[in-house]
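Reviewing the structure listed below.
Values quoted throughout were computed directly from the atomic coordinates according to the rules given, and no laboratory measurement underlies them. The structure presented is a predicted model; accordingly, all values stated were derived computationally and were not measured. Note: ideal-geometry Cβ built from the backbone for every residue, glycine included; neighbour counts use all protein chains shown.
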């Protein structure tokens with residue numbers, strides 16, 4: 001069973017990652033900044049936030065096109081930071097806009113939780129693959 005990796009080209013995951021890339025890249029290129037995050041974070045940290053969204057999103061998108069074992073490592077590098085940064089956005093939106101930000105904050109918090117769950121799944125899959133490799137004669 002070595003080498004079996006469950007389906008990893010999930011359209012929703014791909015879509016969310018692409019949207020994160022499209023959210024972070026304009027900020028890095030000097031475009032408009034989201035008011036809630038801009039007000040809650042110093043300028044340098046906003047750029048880190050946008051960089052994580054862009055790079056993390058790009059890694060998850062790229063994971064759909066590389067061999068399965070490499071894809072797991074791409075996802076492992078991207079999912080935890082994306083989870084944290086989506087959580088930061090949710091907290092900043094709620095902190096600065098209150099209940100007016102409830103729906104967008106909830107959606108982004110959902111993405112944060114999904115990235116965290118996916119990171120756990122990837123770690124478990126890598127551990128399973130390692131055990132399978134060690135058990136081989």
If I filter the stretch 99-137 down to residues being closer than 18 Å to residue 35 by Cα and surrounded by fewer than 16 Cβ atoms within 10 Å (Cβ to Cβ), which single residue comes out as nearest to the chain's Cα centre (by Cα)?
107
Taking the criterion of being surrounded by 17 or more Cβ atoms within 10 Å (Cβ to Cβ), closer than 20 Å to residue 17 by Cα and touching a residue at least 24 places away in the same chain (Cβ under 8 Å), would at least one residue in the stretch 38-47 satisfy it?
no
Kindly check whether there is at least one residue in the stretch 66-73 that is under 20 Å from residue 117 (Cβ atoms), surrounded by 20 or more Cβ atoms within 10 Å (Cβ to Cβ) and either out of contact with any strand residue (DSSP E or B) (no Cβ under 8 Å at 6 or more places or on another chain) or without any contact (Cβ under 8 Å) to a residue 40 or more places away in the chain (or both).
yes
Any residue that is free of Cβ contacts under 8 Å to residues at least 24 places away in the same chain, within 13 Å of the chain's Cα centre (by Cα) and buried (at least 21 other Cβ atoms within 10 Å of the Cβ) - is there at least one of those in the stretch 74-93?
yes
